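The values are calculated or read from the model by the stated rules, or taken from the named source; none is laboratory data. Small disclaimer: the values here were computed from a predicted structure and weren't measured. Neighbour counts are summed over all protein chains in view; Cβ atoms, including those assigned to glycine, are modelled from backbone coordinates with ideal geometry. In case anyone asks, the SASA skips ligands and DNA or RNA and just uses the protein heavy atoms, side chains included. Shrake-Rupley method; radii C 1.70, N 1.55, O 1.52, S 1.80 Å.
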Amino acid sequence: MPLSRLNKEQLEAATAKAGSNLIIASAGTGKTSTIVARIAYLLKEQNVKPEHILLLTFTNKAAAEMLERVAYFFDKDTVSKIESGTFHAVSYRLLKKLGKKISLKQPKDLKMLLKTIHARRRFDHIDSPISAYQSSYLYDMFSLYQNSTVDLSFSQWLQEEGSEHGVYYDIYEDIFEEFKELKHEYGYVDFNDLLIMMREALKKDDTIKFSEVLVDEYQDTNTLQGSLIDAFDKKSLFCVGDYDQSIYAFNGANIEIIGSFGDRYKGTNIFKLNKNYRSTSKILSLANRVIEHNPRLYDKKLEVTRTGECESPKLLIYNELFTQYQAISSLIQVAKTPHEEVAVIFRNNSSADGIEATLRELGIPCKRKGGISFFDSREVKAMIDLISVVVNSKDMMAFIHTFEYAKGVGAALSKELFEALFKLGDGDIYQGFFHPKDIANPFKRRAKNYQLGLFDDCHEFGSVSRFYNEGFNEAFLSNPILKHARLSVDGAKFIYKFYQYMQNSTRIKHPKTLVNHIMSSEIFSQIADFLATQRATRKDGSVDETAKKESRGRIFRKGHLLKDLAGGYSSSERFLNALTLGSSEMSEGDGVNLLSVHASKGLEFSQVYVIDLMDGRFPNRKLMSKGGSLEEERRLFYVATTRAKDKLALSYAKYDKIKKIEYIHSPFLKEAKLIT
């Protein structure tokens, strides 16, 4: 059993009595082993049924790895009954069990939707020296608001945050009221909505009960997640975290949640894991020297378990920024450490660009987490959107994204076309295309409201006769959407290809077959041609036909990879939801790991380089001025350095010759006593 492998501190925590238990698990102290042992203890010693255990983690990968270790000691059927995963994945599954219909959308999709609402507003009638928030920033602010409070309205929260946008509050509130109505109309749910829906469902439904809820990375929970934990009907709570590794304040993480645990739960038991099994004594000593400058929420002292000779952390100083990247790449090239065991950790994405370029110049393979992944490429997103409109004919965002490739059809017009088809089909654009209702004018008129920035927008109609010689069939030509005055011939041709795709795809149930159908469709052929042409266009505007052909080939190779991934799913809906909930955790390739500090969380490597340790870049003074703090930056430094098991190098440059900026070293290097 896992209990036999624990040290005294871990064993005490893993066998704690049911109740409110907080485990302070410092870096490298075996928190995963403790959680695994706790689950085993509940199953074997306490006879808790597996379906009565809930494990909440911050990545689905972490949950899977923990349950894989539990499976060493219990049969697969038992382990499969444990409810586990991220807050969002668990909420999605439980809501589906309760019969809720959910069309989960990524933030980038809903930002587009909000943009179409925001674009209808005018703010110039308000006399203010302060400009209104742009739609993308407004969406981010609203998301942070949802994560940060459960009691205040958006306007009240903005006011508490010191916003000077009071003159726009009524418009902002009205924008989000319309946004909420549109999401409800089309069944859209974002990640915050999932948690809010789950919390509200738990208030009304008493069928979801757990003997124990276990929470990993508890220090990173935000107020919304905290309210969901409280909403679960549970007999026992087992939270594991480390306040020194709380690094998600930008996303609403509230360090006070772990700090006030004892005050919020009666009879709290607090356990501390202090024995570090990961890093050498010299690496750990450096990390501790820095983090001890932060306030101590709970007393703790990390103890080193590794013995023997070890290298001291190195400070690498360079005269110029790019010289730093070249030198570190050269050090990696000659080192004996396997590339997969090397990590370069950075605070800013601009740092990653330089190190990636110099590594590739030397022929050193590397993989970067945080860059454009397979799932972020435009061709893959286009294929996913074409799957989405088949799975859910109410998916306006997939429709709008697809029509980004239609000449002369922007986001506003594509939204109007979708709304018209939606109206013609009684809530189903497939019916709107092939069995439209008899409606003379399916296009919405916008209500006028001067105070809220809404003004009249009249629709004019054009003659369908302009499309008679384009080869469209009679049924398509009779559709009222072709009367839109702003619809061009090129736009109508694209709609017709979409029409043909929809006609031939609705019968396809298996996602692998559907992806294959997409790749053979005229509409995807046009999208692929658009992207290939764009990527092969020279600076003088001419097109390199050889490069275009190669680019088109790469686009379709990605399609075949997506088809292979789809083969593991029985339905297109399940495939789509798996991509939405888990694609951010998937990474490709081998080689040196290029990681932001946030992406490095929970990982460990034999050799670590923490680069660009200049004041202003790390700590990031710009982000600190926007609501961050030196304490949070110091926790980021602590996380970065404690990823190293054997070797740690810290580097900075004195000058950037491109931007002509002189730098001084990070204050953390002085706190680490590497600089006097």
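Some notes on this structure:
- Relative intensity, log₁₀ I(q)/I(0), of segment 241-322 from a Debye sum that treats every alpha carbon as a point, q = 0.10, 0.20 Å⁻¹: -0.39, -1.06
- Order of exposure, largest accessible area first, which applies to Met502, Met112, Met197 with probe 1.4 Å: Met197, Met112, Met502
- Evaluated with a Cβ-only charge set (Lys, Arg +1; Asp, Glu -1), the chain carries a dipole of roughly 1240 debye about its Cα centre, given to the nearest 20.
- Note that segment 159-226 carries a Kirkwood radius of 15.4 Å, evaluated over its alpha carbons pair by pair.
- As a ratio to 2.2 N^0.38 Å, the alpha-carbon radius of gyration for segment 47-206 is 1.33.
- Here the 3J(HN,Hα) profile of segment 13-28, calculated from phi with Karplus coefficients 6.51, -1.76 and 1.60 at θ = phi - 60°, is 5, 5, 10, 4, 5, 4, x, 9, 10, 10, 10, 7, 10, 5, 4, x Hz, Gly and Pro shown as x.
- Calculated log₁₀ intensity ratio I(q)/I(0) where the Debye formula runs over C-alpha points of segment 8-142, q = 0.11 Å⁻¹: -0.61
- Estimated at 0.36 nm per residue, the fully extended path between Asn7 and Thr546 surpasses their Cα-Cα distance by 187.8 nm.
- Helix 349-361 axis versus longest C-alpha principal axis of the chain: approximately 90°, rounded to the nearest ten.
- Packing, taken as the mean count of other beta carbons within 10 Å per residue, orders the peptides 285-296, 421-432 from highest to lowest as 421-432, 285-296.
- Cα shape, segment 105-189, gyration tensor, a/c 1.5 rule: oblate
- Proximal lysine pairs, segment 22-103, alpha carbons under 22 Å, eight or more residues apart or interchain: 15
- Here each label is just a point 7 Å from Cα along the line to Cβ, and for Tyr265 and Thr513 those points are 4.9 nm apart.
- Exposure of Tyr133 as accessible area (Å², to 10), given a probe of 1.4 Å and all protein chains: 40
- Between 0 and 90°, nearest 10: helix 31-44 axis offset from the chain longest Cα axis: 80
- Both the radius of gyration and Dmax for the chain are 27.6, 85 Å, in that order, over alpha-carbon atoms.
- Rolling a 1.4 Å probe over the protein heavy atoms leaves Asp124 with an accessible area of roughly 110 Å².
- Spin-label pair Asp124/Asp233, simplified geometry with 7 Å Cα→Cβ offset, distance in nm: 5.7
- Against the chain, whose longest principal axis is taken from its Cα atoms, helix 281-291 shows a tilt of about 60°.
- Binning the C-alpha pair distances of segment 187-337 at 5 Å intervals from 0 yields a P(r) profile of 2, 7, 12, 14, 14, 12, 10, 10, 8, 6, 4, 2, 0 %, listed from the shortest bin outward.
- Counting DSSP beta bridges with both ends in the chain, the antiparallel % (nearest 5): 15
- Point-to-point label distance, Tyr468-Lys314, nm (Cα→Cβ direction, 7 Å offset): 7.9
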